[in-house]
2 protein chains.
Amino acid sequence: MGRLRGVTLALTLALLAGCSGDRAATVADPLPSWNDTAPKKAIVAFVERVSKPGSADLVPPADRIAVFDNDGTLWAERPIYFQLQFALDQVKALAPKHPEWKTREPFNHLLAGDMDGFLAGGEKAVAAVLALSHAGMTTDEFAAAVRDWIATAKHPTTGRPYPRMTYQPMLELLDYLRANGFKTFIVSGGGVEFMRTFAEETYGIPPEQVIGSQGKLRYEVRDGQPTLVKLPDIQFMDDGPGKPVGIQTFIGRRPIAAFGNSDGDREMLEWTTAGRGPRFGLLVHHTDDVREWAYDRDSHVGKLDKAWDEAVAKGWTIVSMKDDWKTVFPGK
Amino acid sequence: MGRLRGVTLALTLALLAGCSGDRAATVADPLPSWNDTAPKKAIVAFVERVSKPGSADLVPPADRIAVFDNDGTLWAERPIYFQLQFALDQVKALAPKHPEWKTREPFNHLLAGDMDGFLAGGEKAVAAVLALSHAGMTTDEFAAAVRDWIATAKHPTTGRPYPRMTYQPMLELLDYLRANGFKTFIVSGGGVEFMRTFAEETYGIPPEQVIGSQGKLRYEVRDGQPTLVKLPDIQFMDDGPGKPVGIQTFIGRRPIAAFGNSDGDREMLEWTTAGRGPRFGLLVHHTDDVREWAYDRDSHVGKLDKAWDEAVAKGWTIVSMKDDWKTVFPGK
């Protein structure tokens, strides 16, 4: 075969590979930040089983849906959920416009720097801050505020920008799944408007593939300009049993693979893995108090208790950060 | 150039074209069921403006989002919404299990064959039938019932199966947009679980790109099997000002093109066309009482009044079915 024809043929084959949702794994290791322990082997075996041409259990590309929790699964969630940190920073920035906050629960604690006093208010205090600090903003204003914060804020203990508090092994996993014809979705208890500002750049997941908790919105024409205004009421909580509901409502078909880290993901993994044919469920277990954090059954954030028991009973894959990951955070 | 190399090169080019979201329109007319009148010219001019390589107003493929109403825009909506017809058929099928319906409004009218009596109950009667006839079913059971109905039911006046009550020119338009890198979504007041059972086969639109009104769902493990159960309560109404809200909630970015036919689509077109850069709004006007139906300002279904005025004021494209479409329904 002449050289030019050989080159053209190689190009053709490369293009065929690029076009196909069935592209086989490349020779280079697609998961270099994973140790060669059981979880990596289970992932690769599953992906090859559902996507390798000739496999008896091949799943059509349209049904290769993979869903990922965000907090504690794709990025860290300590010392507090990053969206809560954003809201706290917003409260401080907005406080001069709201003198009444100085004497109103739970804002008074925050403005006095009393984090323990604030956290004593539990979920209710958190919800109040999330709702009231964002209510009345248009979706465009909110997105701009999140983008500013993501670009400038630093994590309080590592000093890293938040997009570098993501897990390198999970970023590789997202790429690996997509290279094998999967469509990847986030299904998180976090706010959908918050996550969508960075999910595309950070995870390669476009806004329409991000599912999360939602506040109510109101359509309103302001000075002739159509706007969507954020209201303080909850429209939908995408957590626990809300996750299968969110999946059905937004995606409309059952995923074949689900990835989480806490009891809030239990029903999502249960719903995903109960479907017919090959299914995959995976929990990230935070076991590394040197490189990240170590917590599970008794944690106030990312509690992993009932989901752990169900994972053991049903044979879901459990990843030990300490033992199964070569690297935790991205290098640069 | 040798023949084999020429063939390989042609194949390479074909593959390149197939890979690219920027593929130029083919030489063959992509909209053969449209007359060469103003609406077709406006559509082609817009699509070339945003997608033709070298255009000053090129829009990145990720932002080429087009949203379509369903009832009256992609398929007919007379004499009654097709989903309502499905629900009525369900009521009749389920009636033997519900003897109490014989004396309960609005079911009593339906079971007595008194359609006028039923319709006198207005939206409330319709909502009651939609909610109660579906509540308690799992999403899998509901989808199976819709699939059965879609496969067998015939339209009362044309005798066509419902998937052939779609508009041929709009099917061509969907294909044309997708061939030029657009991602097409349905944004309809119809039920999301109803539309998703046929949207992929009928319109080439996958479930995750169908947005509609939703009932609440409950996650429940029945006899060890995880299920999602339909509840009688409304979760979200995707109509009127709900359409921009639905777009923001499900897609998370503003479309550049919107297609509707009634006042229920007004805010969707308003929101879409108010964005920066090239935008396109189109209304289908039902003007053909021979091949389809003719109705607008005074119709009880698909009322086109305020949206018409706004279309005229803002220069949205208005399609007259009678004058601008060569064919209405698919030929076979």
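The values are calculated or read from the model by the stated rules, or taken from the named source; none is laboratory data. Here the structure is a predicted model, which means the values were calculated and not measured. All Cβ positions, even for glycine, are placed from backbone atoms using ideal geometry, and neighbour counts span all protein chains on display. Accessible surface is based on the protein model in full, side chains and every heavy atom, while ligands, DNA and RNA are left aside. Shrake-Rupley method; radii C 1.70, N 1.55, O 1.52, S 1.80 Å.
In this assembly of identical copies, the label point of residue A:204 (Cα plus 7 Å along Cα-to-Cβ) is separated from its counterparts by 2.6 nm, sorted shortest first. Taken about its Cα centre, chain A carries a charge dipole of roughly 980 debye when the Cβ of each Lys and Arg holds +1 and the Cβ of each Asp and Glu holds -1.
With a cut-off of 9 Å between beta carbons, the residues surrounding residue B:212 carry a summed charge of -1, where Lys and Arg count +1 and Asp and Glu -1. The dipole here belongs to the protein assembly as shown: it is taken about the Cα centre, uses +1 on the Cβ of Lys and Arg and -1 on the Cβ of Asp and Glu, and is about 1800 debye. Calculated accessible area for the stretch A:44-128 comes out at 48 Å² per residue, all protein chains present (probe 1.4 Å; ligands, DNA, RNA ignored). Heavy-atom surface analysis with a 1.4 Å probe gives the stretch B:104-250 a carbon and sulfur content of 52 percent of its accessible area.
Each other copy holds its own label point for residue A:122; taking that point as 7 Å from Cα along Cα to Cβ, the gaps run 4.3 nm, nearest first.
Per residue of chain B, the DSSP helices (runs of n ≥ 4 H) give a summed -39500 (n - 2.57) that works out to -11500 deg cm²/dmol at 222 nm. Dipole magnitude for the stretch B:65-131: about 280 debye, using +1 per Lys or Arg Cβ and -1 per Asp or Glu Cβ, origin at the Cα centre.
When A:124, B:314 are compared by accessible area at a 1.4 angstrom probe, the order from most to least is A:124, B:314.
Here, P(r) means the percent of Cα pairs in each 20 Å bin from 0 to the largest distance; for the protein assembly as shown it is 16, 48, 32, 4, 0.
A straight Cα-to-Cα reach below 17 Å connects residue A:306 with the lysines A:243, A:314, residues fewer than 8 places away in its own chain not being considered. Whole-percent P(r), the stretch A:31-92, all Cα pairs, 10 Å bins from 0: 17, 29, 26, 17, 9, 1. Look at the stretch A:216-224: the mean tally of other chain Cβ atoms within 10 Å of its residues' Cβ atoms is 4.
Take every Cα pair under 8 Å whose residues are at least 6 apart in sequence, average their separation, divide by the length of the stretch B:157-252, and the relative contact order is 23 percent. Once the mean of 1/r is taken over each pair of separate Cα atoms and inverted, chain A shows a Kirkwood hydrodynamic radius of 21.4 Å. Classification of the stretch B:233-309 by its C-alpha gyration tensor yields an oblate form. The axis ratio a/c (a ≥ b ≥ c) is 1.5 or more, and b/c is at least a/b. Largest first and in whole Å, the equivalent-ellipsoid semi-axes of the stretch B:17-134 read 48, 15, 12, each the square root of five times a Cα gyration tensor eigenvalue.
Remark: accessible area buried at the B-A interface is about 3800 Å², both chains counted, probe radius 1.4 Å. The count of lysine pairs in the stretch B:23-158 with alpha-carbon distances below 30 Å, taking only pairs 8 or more places apart or on different chains, stands at 10.
Helix A:168-179: angle to the longest alpha-carbon principal axis of chain A, degrees 0 to 90, nearest 10? That helix lies at roughly 50 degrees to the long axis.
Seen from every direction in turn and averaged, the convex hull around the alpha carbons of the stretch B:158-288 projects onto 10.5 nm². Sequence-distant contacts, meaning Cα pairs under 8 Å at least 6 residues apart, place the relative contact order of the stretch A:225-332 at 22 percent.
Residues of the stretch B:240-270 whose accessible area, computed with a 1.4 Å probe over protein heavy atoms, drops by at least 50 Å² once all protein chains are present relative to their chain alone are B:245, B:248, B:249, B:250, B:253.
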